[in-house]
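Since the structure comes first, as structure tokens, the remarks are kept for the end.
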Amino acid sequence: MNANRIIDMIVRQVTRRLVSRGVDKGFDMASRAGRKPGREEIQNSPEADHQMRDTAARQKQSAKQMKQVTRQLRRFMKF
């Protein structure tokens, strides 16, 4: 192997990891859309509060599933 192939191999691995982290961060940010730290919350009724928590939990689960699918697709596309 020559040095150029080794360097290309290392650059591909680093790039793949950086892109993976970026995609994961993007999904995390999308799942937290609309929520800003330090912002005062409006008091809701207990039913509305429960519904909002359920929605947030579903969004978090959906983001987790999307991350898994993205990882599987990356593995599949690598071959």
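The values are calculated or read from the model by the stated rules, or taken from the named source; none is laboratory data. Remember, predicted model here, so these are calculated numbers, not experimental data. Don't worry about glycine lacking a Cβ; one is built from the backbone with ideal geometry, like all the others, and counts go over all protein chains shown. Ligands, DNA and RNA are excluded from the accessible area calculation, which covers all protein heavy atoms including side chains. Shrake-Rupley method; radii C 1.70, N 1.55, O 1.52, S 1.80 Å.
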Residues of the stretch 26-47 that turn out to be surrounded by 10 or more Cβ atoms within 10 Å (Cβ to Cβ) and modelled with pLDDT of 80 or more, as a count: 5
Subset of the stretch 53-79 [part of a helix (DSSP H, G or I) and open to solvent by 100 Å² or more (accessible area, probe 1.4 Å)]: 53, 58, 60, 64, 72, 75, 76, 77, 78
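Here is a list: 1, 66, 9. Which entry is over 20 Å from the mean Cα position of the chain (by Cα), at pLDDT 90 or above and not hydroxyl-bearing (Ser, Thr, Tyr)?
On inspection, the qualifying residue turns out to be 9.
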